[in-house]
Amino acid sequence: MSKGFYEVIFQPEGKTALVQEGSSLLQAARVAGLRLEAPCDGLSKCGKCRLRASGSLNAPEEKELEQLGALADEGIRLACQARVFGPAQVDLLKSKEETFETVTDGQNKGGKINPLIRKLVLPPHKIGEERKTLWETLDLSHAKHISPERLPVFLRALAQEHLTERNYSEAIVRNNILLDLRYRRGKKCLGIALDIGTTSIVAELTDLESGEHLGTCSSLNPQIAFGGDVLTRISYATSQAGGAQILQSEVVKGINKLIESLCGTQKVTCGEIYEIVVAANTTMLHLLLGVNPRSLAIAPYRPVFIDQLEVSPGPLGIKIAPGGVVTLLPSASAFVGSDIVAGLLATDFHHFQKPSLFIDIGTNGEIVALKDGLLAGTSSAAGPALEGMNISHGCRAEGGAIEAVSIFDEGDVHLKTIGNATPIGLCGSGLIDLVGELVRVGVIEPSGRFSKNERIPAALAGRLVEFQGQRAFLVSEDGQVFLTQKDIRQVQLAKGAIATGIALLLKELNLSCQEVQQVLVAGAFGYHLKPASLSAIGLLPAEMRDKIIFVGNTAKEGAKNVLINRDATREVQDICQRIKIKELSFLPEFQDYFVQQLVFPV
């Protein structure tokens, strides 16, 4: 017997979806063109795809009830678990994108303005003179190395035209290749440095003639609706028909929105943007091109490409000048991407004289160590826990997210939230702060278990309660935010993965913790962390606590360096060639090291 189709209405958007019986509300939302947050992509692991629903739906099962708790009595469901068996109505709880916060700027060594792209002013042509071809006119403008056969197709015909009543006044050239011709002067020649992160996208608009910064904006990566980490997105791209193309379309929509916002603010057109330089992890680069990244999830973890690529914006759907270029910076390996390479460039890390570490803490922990000019790099799959995902009351950095925690001797717990709003959950920095403080005061034992009440101050013992069938720490006094025993385990797994990567990389270079002179912590997440919290949970050794320097969004800064200085392109190539990559999972001692790093420091 064939299954019927039923209508699902989504409010307040007023959108509808017609889906087959048995479809989940998450699938229905995607049919309706809505992108619900689903960090685990519907595997019922994260509990983040919450909405209020009614109508002909299946009853919540035990796993869903465990994740929702008392919310289930209020009509809240998990979109991935609620299935349609007749007409249904959905109220979306809220849009989080408006309050999303990230770090847009970072440390940058700077450099001269010498971009590959330049504007040539063409000499005026007077009617009555012997007609010259456009090619000859360009030659008069000293663009003698441009070959007609290398012109973009849409410009080849123009190159054969004769100049008569209408004169071209400007030519845009990149590395002696003609990109565009313009009749009127006064328009700008612009470029964008773009950081595509797993969680966020950051774009900076730059005047390529002067090097002037014209604005920066950011947004969530729309792909987050299909998974909160790269492995989940690889799974979606591989298992769903057209999955890679869907993810490509989503990220391009996000990029175009940022371009539109930047252009609107500066009162310029997207047609004045001639290059975008992209820094991203290797998976994000594959998905930007719509290339299925399945090989990145299967041993021996070989990417389809890691070299620098220059592609036309048109086929990608990116809205800049048709003759413009999208430059993808090179990666060092499958899991040490161009975002890390760009970060090394921006900070000048590869030229440091003293032993140093460069770490980007996120869903993947990428680490590069330097000793005597030798670079060694690795990556550890930390998962999304350290960014607030897969945590019972975890959230991203948004209004009301707990971003910092302090516990005083008498047991008072002080919370700092983004925007000083009522606490709604723990973002990554707040989570690490909280666990670090609880370890310090003895509420959490080195094993990760909660201590017995008689061993800790009464004020803190009173916060240890039962929540969803397990021991938990009451974080906010209004009873809305808890830290569970399972959450602590997620933190242990994540920090253990990164700490293991650091330990094994130091071993590779025969480098002790004491010898490391500085630790650069990059990325939006790392920027909000406290050195004391990182050492308290053991993510970084205690010996490095006073050597930590937070350098911010160095991926975008490195992309900008390449955008405005042609010499930086050779430099990133040199960095990629110098990094010796260590694949942790192939090392026989990995498991022993990992188990050791799971415990919290005493």
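Readers should treat all values here as calculations from the given coordinates under stated rules, not as data from a laboratory. Quick caveat, the model's predicted, so the values are computed rather than measured. Reconstructed Cβ throughout: ideal geometry from the backbone, glycine too, with neighbour counts over all protein chains shown.
Across segment 395-522, the relative contact order, built from alpha-carbon pairs under 8 Å that are at least six residues apart, equals 17 percent.
Counting every Cα pair in segment 190-328, what percent are over 26 Å apart? Result: 22 percent of Cα pairs exceed 26 Å. Quick one: grab the alpha carbon gyration tensor of segment 366-444, order the square roots of its eigenvalues as a ≥ b ≥ c, and give me rounded if a/c is under 1.5, else prolate or oblate depending on whether a/b is larger than b/c. Taking the square roots of the gyration eigenvalues as a ≥ b ≥ c, segment 366-444 is prolate.
Ordering of 105-117, 316-328 by packing is 316-328, 105-117, highest average first (other Cβ atoms within 10 Å, averaged per residue). Cross-link pairs exceeding 29 Å in C-alpha to C-alpha distance, out of K109/K188; K3/K253; K416/K547; K109/K354; K253/K416; K257/K530, comprise K3/K253; K253/K416; K257/K530.
Other residues with beta-carbon under 14 Å from the beta-carbon of C189 carry, at +1 per Lys or Arg and -1 per Asp or Glu, a net charge of +1.
The angle separating the long axis of helix 243-266 from the principal Cα axis of greatest extent in the chain is about 70 degrees. Based on DSSP loop calls and a cut-off of at most 15 other Cβ atoms within 10 Å, the longest stretch of the chain free of exposed GluC sites (Glu not before Pro) is what? Free of exposed loop sites, the longest segment is 213-409.
May I ask for the net charge around A459, where only other residues with Cβ less than 13 Å from the Cβ of A459 are counted and Lys, Arg are +1 while Asp, Glu are -1? Local charge sum for A459: -3.
Highest-first packing order for the peptide set 429-435, 352-358 is 429-435, 352-358, based on the mean count of other beta carbon atoms within 10 Å. For segment 190-328, the share of DSSP beta bridges that are antiparallel, to the nearest 5, is 60%. So for the chain: antiparallel DSSP bridges make up what percent, rounded to the nearest 5? Restricted to the chain, the bridges split so that about 70 percent are antiparallel. With a cut-off of 12 Å between beta carbons, the residues surrounding L483 carry a summed charge of +1, where Lys and Arg count +1 and Asp and Glu -1.
Protection proxy ranking for 560-569, 237-246, using the average of other Cβ atoms within 10 Å per residue and placing the highest first: 560-569, 237-246. Would you mind classifying the chain by shape? Square roots of the alpha carbon gyration tensor eigenvalues, ordered a ≥ b ≥ c; an a/c under 1.5 is rounded, otherwise it is prolate if a/b is larger than b/c and oblate if not. Oblate shape, in that a/c is at least 1.5 and b/c is the bigger or equal ratio. Each Cα pair of segment 427-496 feeds into the Kirkwood radius, which the Stokes-Einstein equation turns, at 25 °C and 0.890 mPa s, into a diffusion coefficient of 201 µm²/s.
Over the chain, dividing the summed -39,500 (n - 2.57) contributions of all DSSP H runs of at least 4 residues by the number of residues returns a 222 nm mean residue ellipticity of -8000 deg cm²/dmol. By how many degrees, 0 to 90 and rounded to 10, does the Cα axis of helix 485-508 deviate from the longest principal axis of the chain? Once rounded, one gets 50 degrees.
For segment 5-94, the spread of Cα coordinates along the three principal axes comes to 29, 23, 21 Å, biggest extent given first. Compared with the dominant Cα axis of the chain, that is its longest principal axis, helix 230-239 is turned about 80°. About its Cα centre, segment 385-488 has a charge dipole of approximately 320 debye under the convention of +1 per Lys or Arg Cβ and -1 per Asp or Glu Cβ, with nothing else charged.
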